[in-house]
Every structure is written in C-alpha cells, then in structure tokens.
1. Let me confirm something: among 273, 293, 312, 277, which residue is in contact with a strand residue (DSSP E or B) (Cβ under 6 Å, 6 or more places away or on another chain) and either at pLDDT 95 or above or closer than 25 Å to residue 233 by Cβ (or both)?
2. Which of (1) in contact with a Ser or Thr (Cβ under 6 Å, 6 or more places away or on another chain); (2) farther than 24 Å from residue 282 by Cβ does residue 82 not meet, given it meets every other one?
3. Inside region 62-98, can you point out the residues that are basic (Lys, Arg) and either buried (at least 24 other Cβ atoms within 10 Å of the Cβ) or free of Cβ contacts under 8 Å to residues at least 60 places away in the same chain (or both)?
4. Within region 534-561, track down each residue that is outside any strand (DSSP E or B) and surrounded by fewer than 16 Cβ atoms within 10 Å (Cβ to Cβ).
5. With the condition being open to solvent by less than 30 Å² (accessible area, probe 1.4 Å) and among the hydrophobic types (A, V, I, L, M, F, W, C), I'd like the strands (runs of 3 or more DSSP E) fully within region 388-478 carrying at least 3 qualifying residues.
6. Identify the single condition in (1) open to solvent by less than 10 Å² (accessible area, probe 1.4 Å); (2) in a helix (DSSP H, G or I); (3) in contact with an Asp or Glu (Cβ under 9 Å, 6 or more places away or on another chain); (4) of a type outside the set (D, E, K, R) that residue 223 does not satisfy, given that it satisfies every other one.
7. Filter region 496-533 for residues that are in a strand (DSSP E or B) and without any contact (Cβ under 8 Å) to a residue 40 or more places away in the chain; which is surrounded by the fewest Cβ atoms within 10 Å (Cβ to Cβ)?
8. Scan region 254-276 and give yes if some residue there is under 30 Å from residue 118 (Cβ atoms), open to solvent by less than 10 Å² (accessible area, probe 1.4 Å) and out of contact with any Leu (no Cβ under 8 Å at 6 or more places or on another chain), otherwise no.
Amino acid sequence: MPSKLWVFRDIDPAQRAALSQALSISSATASLLLARGVTTLDQATAWMSPVRFHDPFLIPDMSQAVDRLHRAMTQRERICFYGDYDVDGMSATSIYLSFFSGLGADVRAYVPHRIREGYGLNEGAIRTLAADGVTLLVTSDCGTTSHREIAVANTLGMDVLVTDHHQTDEQMPPALAVMNPHRRDASYPFRGLCSGGLAYKVASAYQARYGAGAMPLDSLLDLVALSTIADVVPLQDENRAFVRDGLAQMTRGARCGLRALKLVAGVTRPCTAETVAFKLGPRLNAAGRLDEASLGVRLLTTESEGEAKQLAEQLDRLNRTRQQLEADIMREAVAQVRDTEPPGALVLASRQWHLGVVGIVAARLVERYHRPAIVLAINEQGIGKGSARTVPGFDLYQALASCRDLLVAFGGHPGAAGLTIREEHLPAFSERFGALAGSWAVASQAAPTLHLDSEVTLDDVTHRLLQEIGALHPFGAGNPEPMFAGKRLEIMNARVVGEKHLKLTLRQGRSLPFDGIGFGMKSLEDQGVSLRTPVDVAFTPELNHWNGYDRIQLRIRDLRPAAGE
C-alpha cells in the first residue's frame, strides 16, 4: 500500500474566524463547514438548521408523470414498477409499490435478473408485461438511455415514466416523462437525489396534487435512507434530512422486513450510515448479485413477520456465498496484476468469474492499487460484462465514452459504471483505457491521499466539539466524517488488541491523555514508528461508551513520524 499524502483542505482563516464568532462555534467546527463549501453565514445557518425540501414539481416532467399516474388510478389501469437490481432500485420500487397500492392502484413490480437479462429495460420483459395487461410502466434507476426499448413499449400501447439519476444523453428517450435531475434542462436545485429519493418526490408530488392515501409519506423515509446511503450519493441538501429521519425509523424498527434483516445481521445498536453500508445493504444486494432481486422488494414491502424472517435468512445465506465468491475472485485478480507492473488502469477478465460480484472486486482493487479498475465476467459466447470503479478525480463515464467504438454498451456515473464488450476487443480497450488513466494520473500527480479538515491541538478536542460535530450528521459521500490532524503527539503506551488493532494512549505537551484506536493498523512497527518517536496523527474524534462512562476516543486514520523525526 503506497504511503498516503496528507492534503489539508483550503481554509480561509478570516472566514473561519468570522463563522466561529457569528455562530458561537469552535474554530475546528468552522473549518469543517468551510471544507464542505459552506462559506457564508446564511449557508452555515442553513446547514446546521432543519432542511427545507424543494418543490418536487421542479423536477423535469413531474407534472406529466403524476397526471398520468392519476389517470391510471382512476381508470383502473395496470401499472408496473420496473426497478434495477441494486438496493436503490429495490428501495425505489418498494416506495412506489407501497404508496400506490395504498391508494388502491392495480400495481405490480418487475426487477430484471442480473445474469439472464442484464441492467435496465429489456424488450423481452416489456413484451411479457404488455401481454399481462400493463399499460403504464414506471422505471426506477434505469431507463434514461433505453431509447429502443421504450419505443417498443410505445408500439405495444404502453406509456413509460422514467425515474433515474444516471448520466443523460442530449436526446431523451421517447418516454412520456423522464424525471432525471441530471437533464441539461433540469431546474431542480439539487442534483444529488438517488432513485429512491426521486420515487419519494413522485409520491410527494402526487399527494400534493391529488391528496393523501393510506400510506403516510413519512413512513417511506426508511426506504429513502436505505437507497441514499447504499447508492453513495452525496449526503448534502435534502439527502441529509432523508437519511437522518430514515435512520431513526430503522432504529425504531417500524418496517418488519428491516427488523428481520437487522436481526440476521446482528444489528442491536441505533442504525447509522455504516449500518446500512456494511450490514443491511450488502445483504439486500446479495439478492440481485446471486439470485432474484425481487426477494429484496418482497422483504421491504411485506407485512408478514413470518415471511420477513424467511426472506431475511435467505438473504443472509446469499450474502455469505457472495463473500466467498468475492474472496476467490479477488485472489485470482491480484494474481493477474502481479504478473506485470500495474498499468494506468486495471482491466481484468475471466470466463470463470461470477458477474454478480465483479463490481465489489473492482472497488477492492481500487483500494489496493489506487487506480481505476474494471473487472469483467466473460460468458460462453465471448461477451464480457462487468463493472468499473475509480479513484477520486478520474471520470469513468467520460473515459468509457472515449472508448465507445470498442464497447457494445456502457452507462453509469463518473465514479461507477457498467460496460459490455466483446472478448476480442479487450486488448485494444485495455490499452486505450489504461492510456487515458495514465495520462490523467501524470497530469494530476495522482497519489493515495488523505483529506484532512484542519490541524487541531488535543486541547481543542472537547465534548463541546463533539456536540457541534453532531449537528453535521449524517456523514457519508459528500459530507465525510470530520478528520483532523494532531502534530507532534507523544505515545505514552501502545499495544495490539484483537490481533490487528493498534491501541494507543496519546498526549500533546501537558494535555490530558487520550485513548486512540487504529483499526487494522497492527503494531507501531508496522506503521514505521517507535514508542519514543513523536508522531503526527490523523484522526476522527468520537465518544466511546464503556462501563457506563462516555470518554472521547481518537479513531486513528493514519500515523506517521512527526516532521523532522
């Protein structure tokens, strides 16, 4: 693992002092706000106050969409909610099903099979749904680039409403409505909604125009939070409120499916973004990776405790299988990389790999080698399908667009994408994509970086600071956990706990001693320092509950000898 480059966020001392004085907050908290682009008093007040939600009718085509849904309701048309097979797609589909079934609509769900059908709308499914009497098709997390499939739906007498947040082309598909905040003509003030958030906005707009149903809107916020965290969209603006309120619902256990999932995942404490990202989300995603994603939709919409228990246990078993597959593929992928010096980007493929887990492996490779990674599973017909992940700053979507002549299909975001390619085009694609990534890395002097909010002294780390940090919750993409640097700290003692975690006691000058924990950091020797060496420490302060007492603990993110040592 390359050593990390510490990068301090660019903070104007005058702005920091002004915010600190105007809001009566510490200098460290003012630095956190400035690091998140909050530069004025009005912005800071809005950030630390309850969020105001934007008018859903500012989303493109929202008015046409809710009017068409209402016509389908009143005329008893059959509506199908067609979602992607990830957590965002499952959650958005579940939001639609719950809300409109509560209004008495004739609804059903369809989630394509990852292996048999692939991502997005497909003609076979559309023809099946048309034969089943569906006249209104509503997508979740797909559809923006499905021009041909939507045209087929139209010829079969089916109207299509698209809710999606993937990158858009200049030309919109022939749908009745394309509700995508990334449209160039979009006037919606926040582009960071995931498909779960968009589905909630559709329900909000419908209720505003046509009245409430049996399903209270607020009861859907746990699903919005689930999709928002799992899809790694920025926890800014409306998303902060969605996640904060949704996590509170998950903690209360209002939805029986999530109660059952928490039980098999061993979740007993209040739900956090980490709970979703590392406990609940992977188990739901396992359904779409290895089986039928409709299992997840059933879990999120069932009102039967028995069915919820059975589905949660099934998802837990699938997740254990997924973990083993991931470990096997990761081992083989690393072996491929070891054969040569890692190029500007990793493009790895095999006929033995399972398509359902290549995205996770790509993410692991990015963490390990700090370069964009594409992992592909090739089928018997020589068609490779896979996932791409990247390092901060390198736009995957644009890079893939530069290789479109070598690809069968591609789509996604700057940070994550999917692609399909013929096996014979892999060498040319790997060379061109690697050259693009290599040129970018040279131009940007890319290196593993650790972004720090500011330098503080240990005397600055107080319970008041933790209370102020609490007002910035929840943390995640776009609103990262605070990270501070303490310079020239003395290590009073150190030991390894749990076989691989570094436990320290630290002091700075005459400060009080602080406990610190570096998960997975092993011993001081593994970090290249000795007990007598002054150190610089990157850390996140947190409360540690132990034996009935709350003590401030430093969660150590990096450790290095102090400058000059």
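1. Going through 273, 293, 312, 277 in turn, just one is in contact with a strand residue (DSSP E or B) (Cβ under 6 Å, 6 or more places away or on another chain) and either at pLDDT 95 or above or closer than 25 Å to residue 233 by Cβ (or both): 273.
2. Here residue 82 meets the rest and fails (2).
3. 71, 76, 78 - these are the residues of region 62-98 that are basic (Lys, Arg) and either buried (at least 24 other Cβ atoms within 10 Å of the Cβ) or free of Cβ contacts under 8 Å to residues at least 60 places away in the same chain (or both).
4. 547, 548
5. 416-422
6. It is condition (3) that residue 223 fails.
7. Result: 497.
8. Within region 254-276, not a single residue is under 30 Å from residue 118 (Cβ atoms), open to solvent by less than 10 Å² (accessible area, probe 1.4 Å) and out of contact with any Leu (no Cβ under 8 Å at 6 or more places or on another chain).
The values are calculated or read from the model by the stated rules, or taken from the named source; none is laboratory data. Since we're looking at a predicted model, the values are computed, not measured. Don't worry about glycine lacking a Cβ; one is built from the backbone with ideal geometry, like all the others, and counts go over all protein chains shown. Note: accessible area is taken over every heavy atom of the protein model, side chains too, but ligands, DNA and RNA are not part of it. Shrake-Rupley method; radii C 1.70, N 1.55, O 1.52, S 1.80 Å.
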